[in-house]
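Notes follow the structure.
Nothing in this text is a laboratory measurement; each read-out follows from the coordinates by a stated rule. What you see is a predicted model, and the numbers here were worked out from it, not measured in a lab.
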Amino acid sequence: MKVRIEGNTDNVGSAVMNKELSRKRAKSVADYLVKTYNFDPNRFIIVGNGPDKPVADNNSEEGRAANRRTEFQLLGK
């Protein structure tokens, strides 16, 4: 089974910077799972969404904090 890991950011900073930061956020989670639990690194699909999929309003610190996250999706074989 494949696991899609999506990194997300708030909207502070440039779009290019946030895309890269969110990709690195997702990659670091995958790297942790590989190192700590011996997952096969080929099982992961890494995606950096940047600020494109907010779950909260970016006009408050609480909202921005909620938008800085990773999400997992289990995919079929």
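Could you tally up the Lys pairs in the chain with alpha carbons closer than 23 Å? Skip any pair fewer than 8 positions apart unless they're on separate chains. The number of close lysine pairs in the chain is 14. Bridges between two residues of the chain, per DSSP, are antiparallel at a rate of about 60%. Take the convex hull of the alpha carbons in the chain; its mean projected area over all directions comes to 5.3 nm². Karplus-based coupling profile of the range 3-9, in residue order and whole Hz: 10, 8, 10, 10, x, 9, 9, with θ = phi - 60° in 6.51 cos²θ - 1.76 cosθ + 1.60 and x standing for Gly or Pro. The angle between the Cα long axis of helix 15-37 and the main principal axis of the chain comes to about 30°, on a 0 to 90 degree scale.
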